[in-house]
Amino acid sequence: MKEQQYIYKEDNLIDSEPNKFKSKELKSEEMIINLGPQHPSTHGVLRLEVLSDGEIIKDVVPHIGYLHRCFEKHAESLPYNQVIPFVDRMDYVAAMNSEHAYAMGVERMLGITEQIPKRVEYIRVLMAEINRIASHLIAVGTYGLDLGAFTPFFWIMRDREHILRLLEWASGARMLYNYIWIGGLFYDLPVGFEQRCREFIKYFKPKVGELEKLLINNKIFIDRTANVGVLPLNLAINSGVTGPMLRGSGLRFDLRRVDGYSVYPELEFEIPIGEGKMGQVGDCWDRTWVRVKEIYESLRIMDQCLDKLEGEHKRTREFDPQAIVPKKIRPKAQELYVRAENPKGELGFYFRADGKSDIPFRCKARACSFVNLSVLPEISRGVLIADLIAILGSIDIVLGEVDR
Amino acid sequence: MKKNRMSVERADLLTLIRQITSEDVVEIPNSTPYGIIVKKENLLSVCDQLHKNSAFYFDILSCITGIDNGPETRTMEVIYHLYSIPFNYSLALKVILPRENPELESVVSIWKSANWLEREVYDMFGIVFKNHPDLRRILMPADWKGYPLRKDYKHEEYYRGVKIEY
């Protein structure tokens, strides 16, 4: 007689992530719906506990931590340059931008920011903008997928494939690059990279126009996303929201212009903001529109970088991207907070160096998706459950960064 | 690289803090951005003034960091990073707490971003924030024992029957 191998306990796993609302305390018309950690949106493992009155939402409680790998504890046991692969893995769709922010922070601590060759800086900005395009493509494409549009997703994957092949040619990996090192780069650009990049820009610009026509200006998409999940500007600023979400609510705030780090002051680009074209300012349509417009601006920046990389800062035989990479990274005792404009918002790193070792005493990552996600309960009161999916998609989170 | 203008207005900031706390302001040594150390009793009033005062308007709370200085020094620190959009100022505020039973006032009433950021500091260090609307663990499972980012943290052998060390 086989013994019972599985005994069903109703509250088996509920202790590890208990719900905030208990079913006994609800009113008779309310119910708790669980959008569990596995769901068909490709944002990752996020659990939403929805307290709803029929289909109208009264409260949403996000439960996170399913992808928590404790980046900060790892960073406390590794030298500064060995932390770079861990930084990649936080926001895995925009790894170059995260590496750029981290490398900038450590270089500021060491005081070698002025010595980095200009060619290295331009290559970093080029890689960051390529990765910004990739990240925005994922945001827009998977957003369409959430709402039921399959074709834009395939178009995005086809175009993103070109980007990933370019980045693989430059750095060796498709997604987690370990390319931007402290004090330089791992490799120089391969010969012929600039020309391939220009071909990609020429090929890709009309495709963004097609994407806009198919998805962004589509009547069904507009009906699903306009006037939904309006984020008022004062709530956005108070909740620490940054990036396209803040720009979609109307504030022209971009850290590339405000802080002016790296070589961005020498480049020309516009900063799109949400203007409430199809609905109110700060709704889901505005945020997605800001992202598409930023793709155009990133293509402009890439063009200018390629001009510089083929002109003034041409490759030479003596150029060594690892020339300034320090052998021992031992910053003096100090505290530093560096922030950079990730595709999703403001990525900040707080370092505390104690001056005595190669290992950071404390390295905290202020993740943009983490703070952006915290505003979800505020903007999704009183909407339907289908609108909740639309709002969640427009926040553009990556669970690797939310949980770190 | 543009430098933000905090250094120019430092004198105003110091006089303001002195008015509120009626004490001498201690600066954080070697800090980028400029930082000051605040006593934990004065934290809420200082933050309130920084948020409302028309000379500064620190309207974004970017980051709350907890630091454990180790069992020998017996202190823990919480660092707030503020940024003012209208004036382009950055400021770091540090609060030093005792390591046994660390407790602090929550600034959720001033900046809503403190909600999740303080939950994370509680989760990782065990610093209890008073008057927080919903203080529970955010990244670790709810029945995890211990506070992972403390320097003397040792994980248990097993969690719910799964061996932790692999």
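Extending 7 Å from Cα along the Cβ direction at B:K52 and again at A:T113 yields two label points whose distance is 3.5 nm. Note on the protein assembly as shown: with charges restricted to the Cβ of Lys and Arg (+1) and Asp and Glu (-1), its dipole about the Cα centre is near 840 debye.
For region B:5-163, the Cα-based Rg and Dmax, in that order, read 17.0, 58 Å.
Straight-line cross-link reach from A:K213 at under 17 Å between alpha-carbon atoms covers these lysines, not counting any fewer than eight positions away in the same chain: A:K205, A:K277, A:K293.
Against the main long axis of the alpha-carbon atoms of chain A, helix A:118-147 sits at an angle near 20°. Seen from every direction in turn and averaged, the convex hull around the alpha carbons of the protein assembly as shown projects onto 29.2 nm².
Computed from label points 7 Å out along Cα-Cβ, the spacing between A:L26 and B:N131 is 3.3 nm. Charges were assigned to the Cβ only: +1 to each Lys and Arg, -1 to each Asp and Glu. The resulting dipole of region A:19-69 about its Cα centre is roughly 320 debye. Can you bin region A:15-62 into rounded, prolate or oblate? Criterion: square roots of the alpha carbon gyration tensor eigenvalues sorted a ≥ b ≥ c, rounded for a/c under 1.5, prolate for a/b above b/c, oblate for the rest. Because a/c hits 1.5 or more and a/b fails to exceed b/c, region A:15-62 counts as oblate. If each DSSP helix of 4+ residues adds -39,500 (n - 2.57) and the sum is divided by the residues in the protein assembly as shown, what number results at 222 nm, nearest 500 deg cm²/dmol? The helix-only estimate for the protein assembly as shown comes to -11000 deg cm²/dmol at 222 nm. Filter the cross-link list A:K344/B:K52; B:K94/B:K154; A:K73/A:K364; A:K364/B:K130; B:K52/B:K94 down to pairs whose alpha-carbon distance in this structure exceeds 21 Å. Where the Cα-Cα span goes over 21 Å, the pairs concerned are A:K344/B:K52; B:K94/B:K154; A:K364/B:K130. To the nearest ten degrees, helix A:95-110 and the longest principal axis of the Cα atoms of chain A are 60 degrees apart. Shape summary of region A:78-403, radius of gyration then Dmax from alpha carbon positions: 19.6, 63 Å. Stretched out straight at 0.36 nm per residue, the stretch from A:E312 to A:L214 would grow longer than its current Cα-Cα span by 31.3 nm. What the Cβ-Cβ distance of A:M157 and A:D303 gives, at R0 = 35 Å and to the nearest 0.05, is a FRET efficiency of 0.90. For the pair A:R257 and A:F319, what calculated FRET efficiency results from E = 1/(1 + (r/R0)^6), where r is the Cβ-Cβ distance and R0 = 41 Å, to the nearest 0.05? With a Förster radius of 41 Å, E is 0.90. Taking the Kirkwood radius as Rh and the Cα radius of gyration as Rg, region A:163-291 has a ratio of Rg/Rh equal to 1.05. In region A:78-403, a dipole from Cβ-located charges (positive for Lys and Arg, negative for Asp and Glu) runs towards its positive end, and of A:H100, A:L126, A:L231 it is A:H100 whose Cα lies farthest in that direction. The angle between the Cα long axis of helix B:43-52 and the longest principal axis of the Cα atoms of chain B comes to about 50 degrees, rounded to the nearest 10. Ranked for footprinting exposure by Cβ neighbours inside 10 Å, fewest first, A:M157, A:M109 give A:M157, A:M109. Each label was represented as a point 7 Å from its Cα along the Cα-to-Cβ direction; for B:Y159 and A:R69 these points are 1.5 nm apart.
When each of A:C305, A:C197, A:C284 is scored by the number of other beta-carbon atoms lying within 10 Å, the sequence from fewest to most is A:C197, A:C305, A:C284. Please check which bits of region A:373-404 a label hung off A:I56 would reach, taking the label as a point 7 Å along Cα-to-C-beta and the cut-off as backbone N under 13 Å. Under cut-off, by backbone N: A:381-385.
Every number in this text was worked out from the coordinates using simple rules, so none of it is lab data. Worth saying up front: this structure is predicted, and the values here are computed from it rather than measured. All Cβ positions, even for glycine, are placed from backbone atoms using ideal geometry, and neighbour counts span all protein chains on display.
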